[in-house]
Every structure is written in C-alpha cells, then in structure tokens.
C-alpha cells in the first residue's frame, strides 16, 4: 500500500486523541480512588466515634449488621476487660484488626478490608470498624464511568472533526498538485505560491529552482543542437560537392583527387560527431569514479601517440622536464585525463606551423600538479581568449579546419576534476600555453553508480 499523508495524519491524530482520553480516564480513576478513599476513611472514623459514644446493645452476637448512611460495616465494641459489648453480624469473636488505634488493611476469607480502631479511655471502650475494599473500588469505578459517559458521544464527533480538519488542512496541497499536474511540459515559469502555507512555499521554491535548471539545460541543448546542425552542414555539403565533382570528372586523376577530398570531409565530420558525443556524455556528469593517476605517464602516452602526426607536419612535439611518480599523481578518471591531455596537444600541433615546437610539461608547484602544453604558433589574441572555451568557436584567420570543441571538452573535463584551466603566452612569449592545475586530493567523493565509458579518442 502506498503511503498516504492523509492516512498518516488521521492515524497519528486518532492515536494521540485515544491516548489522551485513556490517560485522562486512568488518572481520573486514580484521583477518584484517592478522594473516595479519604472520604470513606472519614466515614469509618465517624462511625467508630459514634459507637464509642453510644455502645448500647446487649452482649455479643445480638446486634445486626451496622449501617451508616446505607454503607454496610463490620464493627466490634469491647470494654476495658476485652469483652465484646456489641458487634455486627459476621464480625469475628476476636479483634477485627491487629491495631488498637488508627487504620489498617486486613484480609478475611480472601476479602480485603479497610479497618479503623479507636480507644476511648474515658469510657473504657475499644471500637473497631471495617469495610470492604472492593466496595470502595466499585464506587470509584462508578464515578469514573459516569465521568467517561460523554466519551461515547465525543469520540465520534471528534473523529469527524479530525477528518474534516485534515481534509481542510491538506486542501492547499491538493490544489498545488493540480497546478503542477496541469502544467504544459514546456511551462517552466515559477509556480504561483502567494498565499500558500510555508511548508508548500519551500516545495514551490525547490520546484522553481528545478524548473530554472531544466530551462537552462533545455536552452543550452537547443543552442547546442542548432550549433551542431550548423557545423555538420558544412562538412556534409563539402562531401556532397566533392562527390558530385568525382561523378562528373572524366579523368581518373581528377576523380581520385575529388574522392580524396570526400574522404577528408568524412573524416572531419566523423571527428565532429565524435566530439559532439563526448560532450553529450560529459555534460550530465557531476561526480567521477576517482583513482590515483600518474599524470606524467598519461602525458607521455599522448605524446607518443601524436608524435608521428606531429613529425609528418614538421612540428617538434616533446615532453620536457622530469617529475617523479609520487609528485605527479592526481586523483581522477584516467580515461578522461587522457582525453584532456590529447585534446590540448592536438590543438597545439594543429595550429602550430611546420618548423614550430610544442612542449608538454608536468610539474608540481605549491602543492598542485600542473599540466602545461605550450607552442610557438600564432596563438590566440588576448581579446579572443575569453571566447576560446565557447563551443564551435574558432579563431578567425587560423587557416585550420576543426570543430571548435577541443578547448570546450578540455575545460569540462578539468571542471569535473576540480582543476583550473588557464591560457597564457606560449614559448618565448609567442604562441599559446594552456595550463591545467589539479588538486592532489580527490576533487569529490567517488560516484559508485555505473557510468558509461568515455572513448579514448576525442581530438579536434
């Protein structure tokens, strides 16, 4: 059965009311017993005093049961010599109570009695009276039962009032639920919470925050989709154009050249799609399964993988400096860190002209591990650096083809690792340097949930 707030409130309130009535009845019974006990003790004392003043009667055994305001008593009246002058029917021959003065609780024939003894030295009399305890309890129970008679009427009325009160109290919640349920999927404006209870306002604020985040995410996705469609249109149009040229080219050499350009366009489109898929997988991430990663080894592997391409282009790509294993270890995702390093090196080699240089360094400074990729190419003008991390942004006049996603992906991976990514001057004050500063501790608690693997590739 699904939990119901209404059912829960009704159960709690009913239990609370029932507990309160039960406690009231119990303590009323105790109070009634104390009050009735005190009253009947005074009654015993008065009865003994009356018998002491007027013992009357004949020898023992001739008197009927004593009555005092209709209350049956056992009593004995003895003289100074201990002879019974008068006693009630059922009273024993011996003393009623083992005391000569005051109250005592006794038991006779498995029945508990309350007894009182009084000695009158002036008349040389000793009086003992007693009454049954169960009669006292019955009187107390009768008083309490009369006090609790209204309960038979009050409880149903109170239950109805509780039912109506809970329904009235939950009415704003039902209205709020109807408002949320009736909203269109695209309606992400703030909820109307004026006049709502404080408890619902906190829920409304939380939902408004969620709607705002969803709206920002949808807007971001719309921009991303529009930009991606625009970026894909160019290589696809080029592929189509070169394919048409190849079909129309009568010469074998010209046809082969057009087909080669078709392959280049397909490669460019494939790289763009790969980068788009990588970004789509990175954007929802908020936590990473972190492990110790040797950042110098990751950088060395990327240098080795890109070295043939850099050499073919005439660019000197190399790892400079020497960092020990312990100092260069960071906490992060090894696959994503490899993508980060490869994207930075790929960008540097791609935009560095033949004869240029790209230096990769992993250093430790002020307790942080730094990955620095510097080149002596054309760089990025300082006025353009603010937009360098925008998706699909390419520096005008670079003369190179690319998706404009490399630095965006690198910045996203750095953010997931709690690292800071900065741009600066390159080698000898020329070109561009990209520095990623990693904290040595884990950027965030490890996410134990399964996560889709990120491909090793991802260059621009």
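Does residue 355 fit the bill of being on the phi > 0 side of the Ramachandran plot, out of contact with any helix residue (DSSP H, G or I) (no Cβ under 6 Å at 6 or more places or on another chain) and modelled with pLDDT under 85?
No; evaluated as a whole, the condition is false for this residue.
Could you list, in sequence order, the residues of the range 87-109 that are exposed (fewer than 13 other Cβ atoms within 10 Å of the Cβ) and part of a strand (DSSP E or B)?
Those that are exposed (fewer than 13 other Cβ atoms within 10 Å of the Cβ) and part of a strand (DSSP E or B): 102, 105, 107.
Hey, among 122, 117, 140, 97, which residue is within 19 Å of residue 46 (Cβ to Cβ) and in contact (Cβ under 8 Å) with a residue 60 or more places away in the chain?
Result of the check over 122, 117, 140, 97: 117.
Tally time: how many residues in the range 160-170 are under 16 Å from residue 20 (Cβ atoms) and surrounded by 15 or more Cβ atoms within 10 Å (Cβ to Cβ)?
1
Starting from residues that are surrounded by fewer than 13 Cβ atoms within 10 Å (Cβ to Cβ) and under 60 Å from the mean Cα position of the chain (by Cα), keep the ones in the range 110-144 and report whichever is farthest from residue 16 (Cα to Cα).
134
If we scan the range 324-345, do we find a residue that is modelled with pLDDT under 85, out of contact with any strand residue (DSSP E or B) (no Cβ under 7 Å at 6 or more places or on another chain), in the same structural domain as residue 244 (by TED's automatic domain parsing) and farther than 30 Å from residue 244 by Cα?
Taking every residue of the range 324-345 in turn, none turns out to be modelled with pLDDT under 85, out of contact with any strand residue (DSSP E or B) (no Cβ under 7 Å at 6 or more places or on another chain), in the same structural domain as residue 244 (by TED's automatic domain parsing) and farther than 30 Å from residue 244 by Cα.
Restricting the range 282-298 to residues that are loosely packed, with under 15 Cβ neighbours inside 10 Å and more than 25 Å from residue 361 (Cα to Cα), which is modelled with the highest pLDDT?
289
Looking for something exposed (fewer than 13 other Cβ atoms within 10 Å of the Cβ), touching a strand residue (DSSP E or B) at 6+ places or on another chain (Cβ under 8 Å), at pLDDT 75 or above and part of a loop (DSSP other than H, G, I, E, B) - is there at least one such residue anywhere in the range 66-81?
yes
Does residue 263 fit the bill of being out of contact with any helix residue (DSSP H, G or I) (no Cβ under 7 Å at 6 or more places or on another chain), part of a helix (DSSP H, G or I), outside the structural domain of residue 408 (by TED's automatic domain parsing) and at pLDDT 75 or above?
Here the answer is yes, as residue 263 does meet what is asked.
The values are calculated or read from the model by the stated rules, or taken from the named source; none is laboratory data. A quick note: this is a predicted structure, and the numbers were derived from the prediction, not measured. No Cβ is skipped: glycine too gets one built from the backbone with ideal geometry, and neighbour counts run over all protein chains shown.
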